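To start, the structure itself, in structure tokens.
The values are calculated or read from the model by the stated rules, or taken from the named source; none is laboratory data. Keep in mind it's a predicted model, so treat the numbers as computed, not measured. Every residue, glycine among them, receives a Cβ derived from its backbone with ideal geometry; neighbour counts consider all protein chains shown. Side chains included, ligands, DNA and RNA excluded: accessible areas come from the protein's heavy atoms. Shrake-Rupley method; radii C 1.70, N 1.55, O 1.52, S 1.80 Å.
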Amino acid sequence: MKKVLLVDDDVDFCEATKLLLDSKGYEVVLAYDGKEGLGKVRAEKPDLVILDVMMPEMNGYDVCVVLKADAELKKIPVILLTAVDQAFFKTTYTRAMGLMTEADDYIAKPVEPGELVKRVEDLLSKK
Amino acid sequence: MLIQPSINILVVENDITILQRCRELLLDEGHKVRTAECIEEALDIVQKQPGDVDIMLLSLELPGWAHMTLIETLQKARREILIMTMSANCGEEAIEAMQAGAYDCIQKTFMADRFRIKINRAIEAFRLRRQLDLLTRQRQAEFTRVRQDANLYAILQSFSDALVVTDWQTNIVLFNPAAAGLFDLTEETALGHPVSVFIKSDELLSFFIRAIKSDSSLAMLMADEEPVVKVGNKNLRVHVFSVKNEGGTVIGAVALFHDVTKVSAMDKLRDDFLSMVSHELKAPLSSLLMQISVILDGLAGDLSPKQTDLLGKAKEKTKGMITLVNDILDYRRIQEGKSIQKIESLDLAKILQRTVELMRLSAEEKGIKMTCEVAEGLPSFNGDRGGLEVIFINLISNAIKYTQQGGHVSVSLNKAGKDIRFKVVDTGIGIPPEDIDRVFEKFYRIKTDETRSISGSGLGLSIVKGIVEAHNSTIFMESPPGQGTTFIVSLPVEE
């Protein structure tokens, strides 16, 4: 069973998304801020991380940078998730931040449940 | 034929023989002639009866005077007098005299024909010069009238926007206190002086020149552009118009400077605010969408048919709100001319196929068949990736939205002449003929029984139109009654 770590400060979103991914046969681990997320990556060694960008303590970009700088952890695919203005995110983020953080995919919130599942499946099958 | 007034010529020459010869020749031509044998005498005449001298015929061989100084002095004090010099050989000194302001030089050989030709040309030049002066004075007088109209003047003075009026030679003729403060103008230093002395920006100067040189339509065009210029630490929105008299002749230009420094700061504040609102709205909406979806999928327990029905409607409303938030943000960006963020070489086929994959899910949910045909080997297109995605998403999602269950949406990308042609055809409810002209208007939504249950902001198509135009492209649509709707976007490929 593949393990997915979802890091998002929105507890409601985490809860609902966990139900969704559970139903698709994933083991879902939750974390509610950047620091906790980073700790859980190290402790749980998930197969994939879904990272919200705007979070307290440590934001998603920073968490991603740390992950991708780690020789062991950088193999874990990361999907960035953000509610920032969609077009802004796509054009500015993917070129500037995307290169720096080397995230494997990004999704603009609000995300269609089917779309999220598809992206997760795609990344895990690539691995 | 126009009868020209006779010309007054003052001959200044110490050689009496030559003086007499000149006098005879000029009298023969019908001119009024006065003579002076030395500079002092000539200056006396010019100063006492300034209007009595039109042309001065000045010998360059008078003793005791620096001619160049004399010519320069005369030019400054009595600009209306045209100075012709005479000398034995018209050498270096004649050239210097012309550089100092003299019109021409006559050789003192006095071959009658040559003398006449030179004098006549000088007279011609004198008349032209006088006409020009007259015209300038007339045009300036029209501004003087404005200054003398107390009410009008008071209005201009109390304007909070800076206002500068120039004549047709871009000399300042009028300004208000706001402009005085902005450009450091005073009545003494500025009036009658070129605007370029005070307004150092070449861009600003070009507006004045264009307003004066152009016809009104061009001036209007400039006003549409509303350029913002930085002066000191202020951002100024500039409007420059040509000023015309009753006869339609351009007599000058008027420039209005509106301080938008604070507005620019407000723009930034508004952007920050909207980004914040965007985030604060989208975060809960995404939770809501996820929660409703998992309940609908039965992941939180079994649902009764009634519950499924109600939650399905709640999900549609939530999606409608998400689209609205995105549309408002997109629309703001397009209004600000930011729809093209970065031009790059794009593989449209790839972008479209990806978009179609994203949309396929919502088409299938609605029981609509979606097909996508992409021609092989399409050239790359130079455009903004985000913008093109929005065009594809909005047109395809519209087609899905307005097509009933069991319908068909077909999307295609082809080469048509020099263009890449993107086409979306649906078998949907179509657009009533009376609404076709208005579908691209912002916030316009077609209101019929069939559309009542469909949510939307009415911004989607106006956003598409904005992006299409920003790419120098065209959008075309047709919707014959009962046959669905077709949208075609033609994207020109650069050679």
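Screening B:R237 against (1) open to solvent by 70 Å² or more (accessible area, probe 1.4 Å); (2) more than 26 Å from B:Q140 (Cβ to Cβ); (3) at pLDDT below 80; (4) not aliphatic (A, V, I, L, M) leaves a single unmet condition, (3).
B:S6 passes every criterion in (1) within 52 Å of the chain's Cα centre (by Cα); (2) part of a strand (DSSP E or B); (3) not basic (K, R) apart from (2). Would you be able to say whether some residue in the stretch B:293-301 is more than 26 Å from the chain's Cα centre (by Cα) and at positive phi? Yes, the stretch B:293-301 contains a residue that is more than 26 Å from the chain's Cα centre (by Cα) and at positive phi. Among the candidates A:V65, A:V7, the residue that is more than 10 Å from every other protein chain (Cβ to nearest Cβ), at pLDDT 90 or above and closer than 23 Å to B:H279 by Cα is uniquely A:V7.
Does any residue of the stretch A:37-48 turn out to be at pLDDT below 85, more than 14 Å from chain B (Cβ to nearest Cβ) and crowded, with 19+ Cβ neighbours inside 10 Å? Taking every residue of the stretch A:37-48 in turn, none turns out to be at pLDDT below 85, more than 14 Å from chain B (Cβ to nearest Cβ) and crowded, with 19+ Cβ neighbours inside 10 Å. When the residues of the stretch B:269-313 are filtered to those that are open to solvent by 40 Å² or more (accessible area, probe 1.4 Å) and small (G, A, S), the one that is farthest from the other protein chains (Cβ to nearest Cβ) is B:S304.
Among the residues of the stretch B:242-267, write down those that are of a type in the set (F, W, Y) and at pLDDT below 80. Residues satisfying the conditions do not exist here.
Mind checking whether some residue in the stretch B:194-204 is surrounded by 12 or more Cβ atoms within 10 Å (Cβ to Cβ), of a type outside the set (A, V, I, L, M, F, W, C) and out of contact with any helix residue (DSSP H, G or I) (no Cβ under 8 Å at 6 or more places or on another chain)? For the stretch B:194-204, residues surrounded by 12 or more Cβ atoms within 10 Å (Cβ to Cβ), of a type outside the set (A, V, I, L, M, F, W, C) and out of contact with any helix residue (DSSP H, G or I) (no Cβ under 8 Å at 6 or more places or on another chain): present. Test B:A363 against the criterion of being in a helix (DSSP H, G or I), touching a strand residue (DSSP E or B) at 6+ places or on another chain (Cβ under 6 Å) and open to solvent by 10 Å² or more (accessible area, probe 1.4 Å), and give yes or no. When the stated conditions are applied, B:A363 does not pass them. Take the conditions (1) under 22 Å from B:T17 (Cβ atoms); (2) touching a helix residue (DSSP H, G or I) at 6+ places or on another chain (Cβ under 6 Å); (3) of a type in the set (A, V, I, L, M); B:A42 misses just one of them, which is (2). Contact annotation: residue pairs with Cβ atoms under 8 Å, 6 or more positions apart or on different chains, pairing a residue in the stretch B:470-495 that is open to solvent by 30 Å² or more (accessible area, probe 1.4 Å) with a partner that is acidic (D, E), are B:A470/B:D384; B:P492/B:D419.
Set side by side, the residues A:E15, A:E44 differ, and just one is touching a residue at least 40 places away in the same chain (Cβ under 8 Å) and over 19 Å from A:E121 (Cα atoms), which is A:E44.
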